[in-house]
Amino acid sequence: MNELGNANFENYIGINQGFSEMGYQMVSHVLTLGYAVMLAALFYFILTIKSVAPKYRISSVLSVVVMVSAFLLLYAQANNWTSSFVFDRAQGKYFLGNGTDLFNNGYRYLNWLIDVPMLLFQILFVVTLTKSNFNSIRNQFWFSGSAMIITGYIGQFYEVTDITAFAVWGAVSTAFFFHILYLMSKVIREGKEGIPLKAQKVLGGIWTLFLISWFLYPGAYLMPHLFGVEGGLFNEAGVVGRQMTYTIADVCSKVIYGVMLTYVAQILSAEEGYVEER
């Protein structure tokens, strides 16, 4: 099965099995929902930027950057889906079109390459590190975040043609992933020290959200081969499942995470006597 070379598995399903109307539209709609949520959240972060004290506003500015990046690249991803597959009336399914673009999850990886470092930097402008060095944590976040995305990006090109390469690059990406989890745990633990109980609880919620949403990504990465190589979810259900999982993870790790960080900043601002500018 290599007629499409290193194309993502969505294309192999599109050329060999095709997508039902339901499957095709579910992916199309969830991709549309993804960039629509990012656009809505963009306005939220712009409108609430003055609700926090000036020293916390860099976090809100980074949320704005993340939302702009996510909106543009997820919009491109949604268009990539609709331009890659065409409806065959005779079979009642959508198949990979002749002479059109192949569907590529690379748009998501480009988005993550921009967004992941920004997301990780955000929390550093809200919490106060009591033991760790700010510059050291920031640089480690940048290095491991970028390396995780780049190695995962390389690995996804082999998900059909070379399972060994796919697994090796995925394992390397996962090593950086666990380093990020370690750093985030340290940052949140230190950030809880000496702040109001309400803010501590929200930071605890951010850690829970971070764990759940970030673990969705490796699950989506492995989706084609869950429950067996070229079996299990190597089908339409796997395609729909992957795109839904990626979108849910993106909304949680970018939008909800950003909103919760803003709330922490609002609590800390009020504690310090800040009154929202009008």
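Spatially close Lys pairs in the chain, defined by Cα atoms under 16 Å apart and a spacing of eight or more places or different chains, total 4.
Taking LYS254, LYS192, LYS186 and ordering them by how much accessible surface each has at a 1.4 Å probe, largest first, produces LYS192, LYS186, LYS254. For the chain, modelled as a GNM with alpha-carbon contacts under 10 angstrom, which of VAL37, VAL27, VAL168 fluctuates the most? Checking each option, the largest mean-square fluctuation is seen for VAL168. Working value for the range 204-278: equivalent-ellipsoid semi-axes of 39, 11, 5 Å, each the square root of 5 times a Cα gyration tensor eigenvalue, largest first. For the range 114-192, divide the Cα radius of gyration by the Kirkwood radius and give the resulting Rg/Rh value with two decimals. Ratio of gyration radius to Kirkwood radius: 1.10.
Between PHE157, THR245, HIS225, the Cα set farthest toward the positive side of the dipole of the chain (charges on each charged residue's Cβ, about the Cα centre) is that of THR245. Every Cα-Cα pair of the range 1-83 was included, and the share exceeding 15 Å stands at 66 percent.
When only the Cβ of Lys, Arg, Asp and Glu is charged (+1, +1, -1, -1), the dipole of the range 67-203 relative to its Cα centre reaches about 600 debye. Using a Gaussian network for the chain with springs between C-alpha atoms less than 10 Å apart, which of these wobbles most: LEU197, LEU96, LEU124? Judging by the Gaussian network model, the answer is LEU197. Rg over Rh for the range 71-136 works out to 1.33, both radii taken from alpha-carbon positions and Rh defined as the Kirkwood radius. Remark on the chain: Rg and Dmax equal 20.4, 68 Å (Cα only).
Which shape class, rounded, prolate or oblate, goes with the range 1-44 when its Cα gyration tensor gives a ≥ b ≥ c as root eigenvalues, a/c under 1.5 marks rounded, and past that a/b bigger than b/c marks prolate? Oblate shape, in that a/c is at least 1.5 and b/c is the bigger or equal ratio.
Here the chain is treated with +1 on each Lys and Arg Cβ and -1 on each Asp and Glu Cβ, and its dipole about the Cα centre works out to around 960 debye.
Here is the list for the range 80-168: trypsin sites (Lys or Arg not before Pro) lying in DSSP coil, each with at most 10 other C-beta atoms within 10 angstrom of its C-beta, are ARG89, LYS131. In whole angstrom, the range 120-278 maps to an equivalent ellipsoid with semi-axes of 36, 18, 11, each derived as √(5λ) from the alpha carbon gyration tensor and ordered largest first. The long axis of helix 21-47 is offset from the longest Cα principal axis of the chain by roughly 20 degrees.
Put simply, the convex hull of the Cα atoms in the range 186-226 casts, on average, a shadow of 3.1 nm². Accessible area ranking (1.4 Å probe, heavy atoms, ligands and nucleic acids excluded), largest first, for LEU181, LEU222: LEU222, LEU181. Give the distance, in whole Å, between the Cα centre of the range 202-261 and the Cα centre of the range 96-133. So the separation of the two Cα centres works out to 14 Å. Per q in 0.12, 0.17 1/Å, what log10 I(q)/I(0) does a Debye calculation on the alpha-carbon atoms of the range 48-108 return? Relative scattering, expressed as log10 I(q)/I(0), comes to -0.50, -0.67. The label point for ASN98 and the one for GLN25, both projected 7 Å from the Cα toward the Cβ, are 2.8 nm apart.
Write down the Å³ per residue value for the convex hull defined by the alpha carbon atoms of the range 1-158. Kindly include the intermediate steps, with their values, before the conclusion.
On the way: hull volume 18.8 nm³, N = 158.
Once divided by residue count, the hull of the range 1-158 is 119 Å³.
The values are calculated or read from the model by the stated rules, or taken from the named source; none is laboratory data. Not measured: the values here are computed from a predicted model. We place every Cβ from the backbone using ideal geometry, glycine too, and count neighbours over all the protein chains shown. Quick note on the areas: whole protein, heavy atoms, side chains included, nothing else; ligands and nucleic acids left out. Shrake-Rupley method; radii C 1.70, N 1.55, O 1.52, S 1.80 Å.
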